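Inspection log for the structure reproduced underneath, given as structure tokens.
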């Protein structure tokens, strides 16, 4: 009896120690996550301070007031729908109040950053819009590939803006287009979450998505098309979860028509073509895959104005070969080589490095693909599993492939947010925060590149930024590395454990079979 009581006492103590360690670990993850999110938000505040020092041009007032109203209207609609949900479903008033406060914050930040001119705008987009303004509609379409190295689909928006507004109006129009697609992307994110969790649409989630630092940077600072192709890519994933093959491939084709980075979502769509859900139904059908190519044909509209077909087909190759860099401020493996070598290598060495990193990236993606398919053979993959694997593919491809831009982790960041909500965990939230910080740190590089604009007002701040720029990039690379390890390690560990279990079972079967024979 004494021995049993001692064993029970020791067992209870070990359980208490284990539970205490788990609580401490969760608190540590929670604290670290809060610190990282605050660090990401600090980038936004720094940018606001930076932009507020620039003199405001009175000639911009007309566009400024129009932009205020155009930003206010969709945010107001979200607020009204949140109030309606509160009245109908008796959601707590705190949730509605918090949603309203977040929407007001988004509005204020958008207004503060309205006149910020990114590097891409100053060097590329502004020049393209200026050339389109000097041409007719037909000439703009005919020369679309000689003016811009972006896809014709995105250039259609630039042509429309250029013929309707002056250059300042074009900047506001591009930012507003990105802002609208940010809202659309947030809506699709919530649709995916509602589908997986079988829950009601949350306007608080929607507001929280829009105020996340990378999404705010995308719509108000970068003024780029990442939210556009990401929206269509997420739509394709959402329709795949709903077993809607036609709409899935239409969305995938539209994402392809915008940017080649739609490839980050392709592996998980390919997997969903091969597997079935828990009820034995196929997610997608092969017979509708041609719709994706048909939607890409939207890029061939300039043919009717006399554009060259070959030029339209090679637009993606022009983007890839436009800059001689292994990594364009993207915090991945080629980024380390780019900074170590300091671009002091020959063209032949550069080409060899691009090929090597491309092979490594493809090999890593294929290895992950095989792991996922092997996992599906042993058990049915849930929707949560598919979100996690989609995030893994997006991280792995950008982390290893060369010639990646800083913004290419954007779709991985969006998927990490979805994953952290559908599979709540302190570690998952921490991974999202890591990707967010590394992505928002990219703003330091662009701020330094634009230092000549405000050099008379902010010499001290610019010198500070120049000193910490490369160190912040290394810190972002470290966070991306940790996030990727945290993502991939459980998959590999599960595969090893499953393999060991199968080996043991086979050994037992052989032994039992031998005994039966004897």
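The values are calculated or read from the model by the stated rules, or taken from the named source; none is laboratory data. Given the structure is predicted, the values throughout are model-derived calculations rather than measurements. As a convention, Cβ positions derive from the backbone with ideal geometry for all residues, glycine included, and neighbour counts pool all protein chains shown.
The helices (runs of 4 or more DSSP H) found wholly in segment 297-349 and carrying at least 1 residues that are loosely packed, with under 15 Cβ neighbours inside 10 Å, at pLDDT 80 or above and in the same structural domain as residue 143 (by TED's automatic domain parsing) occupy 309-313. Would you confirm whether or not segment 472-488 contains a residue that is under 24 Å from residue 197 (Cβ atoms), more than 16 Å from the chain's Cα centre (by Cα) and at pLDDT 70 or above? So far as segment 472-488 goes, yes, one or more of its residues are under 24 Å from residue 197 (Cβ atoms), more than 16 Å from the chain's Cα centre (by Cα) and at pLDDT 70 or above. Of the residues making up segment 270-299, just one is free of Cβ contacts under 8 Å to residues at least 40 places away in the same chain and closer than 17 Å to residue 142 by Cα, namely 297. Identify, by number, the condition in (1) in contact with a helix residue (DSSP H, G or I) (Cβ under 6 Å, 6 or more places away or on another chain); (2) crowded, with 18+ Cβ neighbours inside 10 Å that residue 288 doesn't meet. (2) is the only condition that residue 288 fails.
Summed over segment 276-289, residues that are part of a loop (DSSP other than H, G, I, E, B) and in contact with a strand residue (DSSP E or B) (Cβ under 8 Å, 6 or more places away or on another chain) total 1. Listed here are the helices (runs of 4 or more DSSP H) enclosed by segment 107-149 that have at least 3 residues being assigned by TED's automatic domain parsing to the domain that holds residue 173 and under 13 Å from residue 162 (Cα atoms): 126-133, 137-142. Going by the conditions given, is residue 98 at negative phi, surrounded by fewer than 21 Cβ atoms within 10 Å (Cβ to Cβ), at pLDDT 90 or above and in a helix (DSSP H, G or I)? No. Number of residues in segment 395-421 that are more than 19 Å from residue 195 (Cβ to Cβ) and either modelled with pLDDT under 85 or in a helix (DSSP H, G or I) (or both): the value is 14. Starting from residues that are touching a residue at least 12 places away in the same chain (Cβ under 8 Å) and surrounded by 15 or more Cβ atoms within 10 Å (Cβ to Cβ), keep the ones in segment 125-138 and report whichever is nearest to residue 329 (Cα to Cα). My answer is 125.
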